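The values are calculated or read from the model by the stated rules, or taken from the named source; none is laboratory data. Predicted, not measured: the structure shown is a model, and the values here were computed from it. So basically every Cβ, Gly included, is an ideal-geometry build from the backbone, and we count neighbours across all protein chains shown. The area values use the complete protein model at the heavy-atom level, side chains included, leaving out ligands, DNA and RNA. Shrake-Rupley method; radii C 1.70, N 1.55, O 1.52, S 1.80 Å.
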Amino acid sequence: MTGSPDPEPQAGQALSGEGGPEAAATTPAARLAAYVQGGGIVVPLLTAVLAFFVGGLVILITGHNPISTYKAIFNGTGLNWIFPWISSDDRTTAALNLQQTLITTTPLILTGLAVAFAFRCGLFNIGGQGQYLVGSYVAVWVGSSFAGMPRLAHVVLAIVLATLAGAVWAVGAHEVISTIMLNWIAVWVGAYLFQLNGPLQNSDPSQQSVPVSSDVVAGAKLPVFWGDPELQGLHIGIFIALAAAVVFWVLLNRSTTGYEVRAVGFNPEAARYGGISVSRNYILVMAVCGAFAGLAGSLDLLGWQFHIATNDIFNSANVGLGFFGIAVALLGRNTASGTVVAGLLFGALLTGTSQRNLDPTIFEPELATNLTLIIQGLVVLIVSADVIVVTMLRRGRGMFRGRPPATPATTTAATPEAEGA
């Protein structure tokens, strides 16, 4: 029939993000991912501008000047190092701050990829923090052991095993509640391992009264290529994170596996009908997500932390880099390049609002730290609110036309026409 549309080009358009990816998405996570990716660069820019605008209103309410506050935060990030008119003394300070920004950006890129890859398959990975912690546990165990091993082999072994540990921790746990509970299980596993007389507590007699792990040996520390290693210079982990972003892009856009992952994300029932194993892709995707987050934990541990204390574990339970990864992925449109840029933005915010970088005479660092959390929450809220509104309008339009709202069982298998596309 000459008048019938060609189904194959339509499927290709859907998987490439063209032709209305929202219409093809049927799961909540897939709708969110399709909306964010379908908005081009305009959506993340408007989201960031609106989030910072609301943050400026909060600053204004507290009696401070938003412009001078944001300027002080920017200077604290070290990004002013790129300006040629910065004096030599200020350039030295800016270089130190920029090194800290990039150190923080490294795990944010990876935890963002851990969330973004799940979104592209229509899954929610809220367990990045737990996967990050498990990776750091394995890294500190390997890094503090095998002291006689050659440096390259020692570093590679610690990173590989930590990455695998994160992958194993994430497999099969793609539900929101399951991943959140696994976060807390990871927290308490760490509390057990490094508590007083715990299996991995520091064996140094002078540390027997401190719930902390042994330090990573010198041969397992990541090399520093910019700055003083004694002052927490920038390690090579930033290049590993960027390489992981390239792997993310290649795997998702230039492989059969990536095609299947995107197909499952847009419509799992249609993918299953086409011969794609949905359950196998779910397991694979969560393993890859966990690997990204576990890698992030290993790079932080081998790059600058060098040990784990139980206080640090509990402090990260509710507000950790794994949770920041959600905002990074949403702001980055679940893409490799967008996640890198969003990771740099949040890394700069975390560094610029730290107590040692922000001038307390302009804005209190304690309040500025909360400002970062406000902006993080606004990014998630602004992005997801539009998806919720669109979904409610579609449901309401269907009821107005006399059609009952789709039940959970039929929503998964709904066609674009049934969604009101």
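Once the other residues with Cβ under 15 Å from the Cβ of ALA72 are scored (Lys, Arg +1; Asp, Glu -1), what is the net sum? Combined, the nearby Lys, Arg, Asp and Glu give -2.
The modelled label-to-label distance between PHE314 and SER337, using points 7 Å beyond Cα along the C-beta direction, is 4.5 nm. Full extension of the chain between GLU175 and SER88 yields a length gain of 26.2 nm, computed as 0.36 nm times the residue separation minus the alpha carbon distance. Using the beta-carbon distance between ILE276 and ILE61 and R0 = 51 Å, what value does 1/(1 + (r/R0)^6) give for FRET efficiency, to the nearest 0.05? Result of the calculation: an efficiency of 0.50.
Label separation (ARG254 vs GLU230): 4.4 nm, computed from points 7 Å beyond Cα along the C-beta direction. In loop segments of the stretch 280-377 as defined by DSSP, the trypsin sites (Lys or Arg not before Pro) with at most 15 further C-beta atoms inside 10 Å of their C-beta are ARG356. Simple spin-label estimate for LEU152 and PHE53 gives 5.3 nm between the two label positions (7 Å along the Cα-to-Cβ direction from each Cα). Apolar share of the accessible surface for the stretch 88-141: 61 percent from carbon plus sulfur atoms, 1.4 Å probe. With contacts taken as Cα pairs under 8 Å at a separation of at least 6 residues, the stretch 154-213 carries a relative contact order of 18 percent. In the stretch 223-338, the portion of solvent-accessible area held by carbon and sulfur atoms comes to 62 percent [1.4 Å probe, whole percent, DNA, RNA and ligands not counted].
A cut-off under 15 angstrom between Cβ atoms defines the neighbours of ALA147, and their net charge, with Lys, Arg +1 and Asp, Glu -1, is 0.
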